[in-house]
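Below is one structure, written out as structure tokens; comments come after it.
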Amino acid sequence: MTYSRRDFLRSTAIGAGLAAPLAQTLARPSVARAQSDKHGGTLRVSATFGLSTINPVAHISGAEWMATRWLYNNLTRLNVKREVVPDLAESWAASEGGRVWTFKLRRGVQFHMGREVVADDTVATMQTILDPKTASPYRGEIGPIERVDAIDKYTVRFTLRAPFADFPAMMTLPVARIVAREGLGDLKALAAKEFGSGPFRLREFVPGDRVTVERFPGYYRSGLPYLDAVTLKIFPEPTTELTAFKGKETDLIWDVSPDLFSQVAGTPGADAMAVPGGTFANVILPSDKPPFNDSRVREALKYTVDRTKMLAAIHGSHGELANDHPVSSAYTFYSQLPLRTPDINKAKSLLREAGHGGGISFKISVAASPPIREQMAVILKEMAKPAGFNIDVEVLPYDRYLAQVWNKGVPYVGFYATRPTADTILMKLYHPKDGLDEGRWAPSHAEAVKMLEQARETLDVAQRRRLYAQFQKVARDDGPFIIPFFRSELSGKWAYVRDFRLNASNFEMDLEEVWLTADAPRKKA
């Protein structure tokens with residue numbers, strides 16, 4: 001059986017058509033102009049954290065993913081409707097029931113260094129990512145790849161350990177940027193250099209502060225991008241970031257905090273933008289050690305959460321209530337389940353059954369950024385106190401949090417952006433080999449893990465839907481996470497920034513067709 005790109009689009013588009021109409025909820029309509037008027041200018045984008053590297057094999061933050069999106073291409077990309085469409089690959093097809101995927105590359109695409117992109121570059125990139133010595137943080141997300149072969153100059157064949165229906169979508173991930181093989185010999189140098197073929201090439205990179213890219217005249221999409229340059233600037237404090245925006249020192253805020261979103265909306269000449277998605281913060285309750293190895297203790301803590309109040313307090317009700325699993329309604333395989341509502345008496349009863357009638361004390365560690373981590377921990381502390389939970393909240397600098405807390409088997413608050421498919425985030429959080437098993441839950445729930453494996457291996461959409469629905473119920477009832485809500489992605493721009501579309505995966509900032517009107521402060525670069 002051959003499974004074509006058209007079949008893939010039908011079965012895996014993530015809420016196709018959902019994001020595009022809702023993006024730019026307060027944005028103004030575009031004004032048609034001649035194409036020649038669209039070219040030129042520098043767009044200034046701001047973010048609040050995470051710009052330590054531009055190495056696509058090793059980067060981990062949204063700001064870094066956004067920067068490499070401008071410098072590199074993938075085999076495939078996500079459009080604003082969340083559909084997988086061609087990028088460096090012009091077509092693809094599956095064989096052997098989804099175990100083998102073959103991609104045909106565009107001919108004539110040039111790297112910034114002046115050489116054509118060929119199949120060997122994809123092979124070299126993937127082999128580097130998959131090499132355990134590389135320690136690529138998101139290596140497990142790209143799928144169960146057994147080997148990658150260049151069949152000819154423009155054909156790449158992936159052989160997987162098992163069938164994988166969503167594999168073309170994995171090629172849209174930030175870790176799957178295609179790097180010229182010359183750049184893979186020194187991964188430390190790649191942290192500050194680029195070997196890409198994207199719409200922009202690197203002009204300047206100052207770690208932790210800014211990156212500036214400039215238009216690549218040899219880009220394969222003729223006439224694009226319109227912009228001459230883009231600068232991404234880090235403002236560690238959201239209030240300072242907003243002040244810079246209001247003063248037109250920046251043109252676009254990548255990720256507006258909810259408490260400042262209304263100020264953007266109320267600024268004359270500014271567009272406040274929102275799109276629903278699957279981004280969330282999760283409280284990790286390690287299930288391999290006391291007290292959370294007892295499912296009754298996990299369930300008790302979940303019953304203390306008033307999800308509606310928590311969403312309102314943290315994200316201004318810009319979002320969707322969640323059920324302690326990571327699949328939002330933005331994903332094709334979302335299954336609607338009864339929402340767990342707060343019940344302090346139920347929580348107390350469960351603690352007594354578990355032998356903790358006198359209450360439980362534990363520590364939750366959080367990174368100082370983004371603010372949602374600390375906010376969620378502090379609110380949970382207060383909500384859980386009446387049931388007998390005494391929670392100590394420890395706030396750490398982001399770098400220290402990564403080194404000492406993240407995925408170390410202790411209680412903490414994580415943070416995850418919307419992924420291309422439900423499979424991506426489910427495998428990331430729950431699978432012991434192809435993911436993190438962040439809650440140390442897989443060893444005691446082998447049947448649930450098997451559901452995920454079966455769901456990704458079949459091309460039968462109805463069967464996948466049944467399996468994912470079953471898993472979501474198990475994860476809600478017995479899982480190792482508290483996930484109270486999914487936040488909407490919030491952004492802000494000035495009206496002179498035209499044709500920008502906010503993606504539910506907000507780090508997928510496609511600027512190829514964005515342009516500035518004549519009254520933009522930096523229309524002339």
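The values are calculated or read from the model by the stated rules, or taken from the named source; none is laboratory data. All values reported here derive from a predicted model rather than from experimental measurement. Here Cβ is always computed from backbone atoms with ideal geometry, including for glycine, and neighbour counts include all displayed protein chains. Protein only, heavy atoms only, side chains kept; ligands, DNA and RNA dropped before computing areas. Shrake-Rupley method; radii C 1.70, N 1.55, O 1.52, S 1.80 Å.
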_Filter result for the condition that a residue is surrounded by fewer than 23 Cβ atoms within 10 Å (Cβ to Cβ) and under 20 Å from ALA313 (Cα atoms), over VAL410, VAL405, VAL395_ = VAL395
*With ILE234, ILE284 as the choices, which residue is among the β-branched types (Val, Ile, Thr) and closer than 30 Å to PHE389 by Cβ?*
ILE284
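Run down GLU214, GLU182 and say which single residue is in a helix (DSSP H, G or I) and open to solvent by 30 Å² or more (accessible area, probe 1.4 Å).
GLU182
Would you pick out the residues in segment 126-142 that are surrounded by 15 or more Cβ atoms within 10 Å (Cβ to Cβ) and without any contact (Cβ under 8 Å) to a residue 60 or more places away in the chain?
MET126, GLN127, LEU130, ARG139, ILE142
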*For segment 360-392, name all the residues that are outside any helix (DSSP H, G or I), hydrophobic (A, V, I, L, M, F, W, C) and within 23 Å of LEU260 (Cβ to Cβ).*
VAL366, ALA367, ALA368
*asked:* Looking only at residues that are open to solvent by 20 Å² or more (accessible area, probe 1.4 Å) and modelled with pLDDT under 95 in segment 320-354, which one is nearest to THR421 (Cα to Cα)?
replied: THR332
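Only one of VAL148, VAL179, VAL100 is of a type in the set (A, V, I, L, M) and without any contact (Cβ under 8 Å) to a residue 60 or more places away in the chain; which?
Of VAL148, VAL179, VAL100, the one residue that is of a type in the set (A, V, I, L, M) and without any contact (Cβ under 8 Å) to a residue 60 or more places away in the chain is VAL148.
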*Does ARG107 fit the bill of being at pLDDT 95 or above, open to solvent by 20 Å² or more (accessible area, probe 1.4 Å), assigned to a loop (DSSP other than H, G, I, E, B) and under 30 Å from LEU459 (Cβ atoms)?*
yes
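Kindly indicate whether VAL366 is buried (at least 22 other Cβ atoms within 10 Å of the Cβ), farther than 13 Å from PHE486 by Cα, over 21 Å from the mean Cα position of the chain (by Cα) and modelled with pLDDT of 95 or more.
Against the criterion (buried (at least 22 other Cβ atoms within 10 Å of the Cβ), farther than 13 Å from PHE486 by Cα, over 21 Å from the mean Cα position of the chain (by Cα) and modelled with pLDDT of 95 or more), VAL366 does not qualify.
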*asked:* For segment 110-135, give me the residue count where each residue is at pLDDT below 95 and touching a Gly at 6+ places or on another chain (Cβ under 9 Å).
replied: 0
*Look through segment 230-251, keep the residues that are modelled with pLDDT of 95 or more, under 26 Å from the mean Cα position of the chain (by Cα) and charged (D, E, K, R), and return whichever of them is nearest to GLY50 (Cα to Cα).*
LYS233
*LYS493, sole failed condition from (1) out of contact with any helix residue (DSSP H, G or I) (no Cβ under 7 Å at 6 or more places or on another chain); (2) open to solvent by 20 Å² or more (accessible area, probe 1.4 Å)*: (2)
*asked:* What's the total number of residues in segment 110-121 that are surrounded by 14 or more Cβ atoms within 10 Å (Cβ to Cβ) and either aromatic (Phe, Trp, Tyr) or under 16 Å from GLU194 (Cα atoms) (or both)?
replied: 7
*Restricting attention to segment 469-487, which residues are buried (at least 23 other Cβ atoms within 10 Å of the Cβ) and in contact with a helix residue (DSSP H, G or I) (Cβ under 8 Å, 6 or more places away or on another chain)?*
PHE471, ALA475, GLY479, PRO480, PHE481, ILE482, PRO484, PHE485, ARG487
_Residues within segment 263-291 that are modelled with pLDDT of 95 or more, within 22 Å of ILE425 (Cα to Cα) and either open to solvent by 30 Å² or more (accessible area, probe 1.4 Å) or part of a loop (DSSP other than H, G, I, E, B) (or both), tallied_ = 4
*Output the residue which, of all residues in segment 41-76 that are small (Gly, Ala, Ser) and open to solvent by 10 Å² or more (accessible area, probe 1.4 Å), is modelled with the lowest pLDDT.*
GLY50
*Output the qualifying pairs, or none if there are none: Cβ atoms under 7 angstrom, residues six or more apart or on different chains, first residue in segment 238-251 and farther than 12 Å from VAL45 by Cβ, second residue outside any helix (DSSP H, G or I) and open to solvent by 50 Å² or more (accessible area, probe 1.4 Å).*
LYS248/PRO521
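Any idea which of ALA63, ALA93 is of a type in the set (Gly, Ala, Ser), in contact with a strand residue (DSSP E or B) (Cβ under 9 Å, 6 or more places away or on another chain) and closer than 25 Å to ALA162 by Cβ?
Exactly one of ALA63, ALA93 is of a type in the set (Gly, Ala, Ser), in contact with a strand residue (DSSP E or B) (Cβ under 9 Å, 6 or more places away or on another chain) and closer than 25 Å to ALA162 by Cβ, namely ALA93.
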*Of the numbered conditions (1) at pLDDT 95 or above; (2) surrounded by fewer than 17 Cβ atoms within 10 Å (Cβ to Cβ), LYS433 satisfies every one except a single condition; which is it?*
(1)
*State all residues of segment 299-315 that are touching a strand residue (DSSP E or B) at 6+ places or on another chain (Cβ under 9 Å) and not in a helix (DSSP H, G or I); if no residue qualifies, say none.*
THR304, VAL305
